[in-house]
Amino acid sequence: MKKCILIILCFCTINIFAQSKNELSKADHSDYNYNFSFPAIILGNIGKGGKRTNTKHIEFHVKRKLDAKNSIGVKFATWRLFQPMGIQWWDGLKDKIDSKSEFYPGYVRETGIGITYQRMLWKGLFATVEVLPQYKTYLDENNTKIANGFKLYTSYHVGYHIAFGKKKRFFIEPQFHFQNWMIDTNTPAEFKRIDNQWKTYFLLEPNIYIGFTF
């Protein structure tokens, strides 16, 4: 996570020097109405292999521009949780990982396809809402299935769109978001006992999306 925050600060610094060149021309807006992106955080799983804390996170987005300010899209995501998502930074999130005190007796794999809406607020500043219905599979530490369930996962983002390249077709989007999951069904008792100690939301997650328009 420290690496992710450092990357965000670096890109924000780059933006100070590149801001005057950041806006797309009207021709570019009309030529490229779609974009593909993914969160840079998923790159942190590369090389971890079977490590207990590897979330095996895969996620990508395809959006279509409705006009200069509004976009809608489709989101696909899958990840593997080894402890509850509702442990906040100020609850000692990193310490909990180091001590393994809140680890599940296995994993929960969550996979879904959802929808997104993005609104440009001012220059590159934007807000995004993502709604992701998820199918859950609970596994023990030997990867034997225990149960299935359903979660409705939503996230709310505020960030800045920075375009670059000859035709401004590539972009990064440093952002902060928070997520919640008020609907979460059929959790096995041994997992639910751990989940019940924590929140059904997570606040202030830093991230960077990387993408291109086409």
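Just a few scattered comments:
- Scanning segment 185-205 for residues that are of a type in the set (S, T, Y) and in a strand (DSSP E or B) returns T185, Y201.
- Selected residue (only one of G106, G112 is in contact (Cβ under 8 Å) with a residue 40 or more places away in the chain and on the phi < 0 side of the Ramachandran plot): G112
- Of the criteria (1) farther than 28 Å from F36 by Cα; (2) of a type in the set (A, V, I, L, M); (3) out of contact with any Gly (no Cβ under 9 Å at 6 or more places or on another chain), which one L139 fails: (3)
- Scanning segment 162-176 for residues that are surrounded by fewer than 20 Cβ atoms within 10 Å (Cβ to Cβ) and within 25 Å of W89 (Cβ to Cβ) returns a single hit, F176.
- Residue within segment 35-47 that is surrounded by 16 or more Cβ atoms within 10 Å (Cβ to Cβ), closer than 24 Å to I162 by Cα, touching a residue at least 12 places away in the same chain (Cβ under 8 Å) and among the aromatic types (F, W, Y) present: yes
- Breaking point among (1) more than 30 Å from E141 (Cβ to Cβ); (2) surrounded by 14 or more Cβ atoms within 10 Å (Cβ to Cβ); (3) out of contact with any Ser or Thr (no Cβ under 9 Å at 6 or more places or on another chain), for H157: (3)
- Out of M182, M120, sole residue that is assigned to a strand (DSSP E or B), at pLDDT below 95 and surrounded by fewer than 19 Cβ atoms within 10 Å (Cβ to Cβ): M182
- Qualifying residue in segment 142-151 (condition: assigned to a strand (DSSP E or B) and within 18 Å of N207 (Cβ to Cβ)): no
- Odd one out for I210 among (1) free of Cβ contacts under 8 Å to residues at least 60 places away in the same chain; (2) aliphatic (A, V, I, L, M); (3) surrounded by 14 or more Cβ atoms within 10 Å (Cβ to Cβ); (4) touching a Ser or Thr at 6+ places or on another chain (Cβ under 8 Å): (1)
- Within segment 188-207, the set of residues being farther than 18 Å from G114 by Cβ, in contact (Cβ under 8 Å) with a residue 60 or more places away in the chain and surrounded by 16 or more Cβ atoms within 10 Å (Cβ to Cβ) comprises F191, I194, D195, W198, P206.
- Residues located in segment 123-141, provided they are assigned to a strand (DSSP E or B) and small (G, A, S): A127
The values are calculated or read from the model by the stated rules, or taken from the named source; none is laboratory data. None of the values given here were measured: they were computed from a predicted structure. Cβ sites come from the backbone with ideal geometry, for glycine too, and all protein chains shown count toward neighbours.
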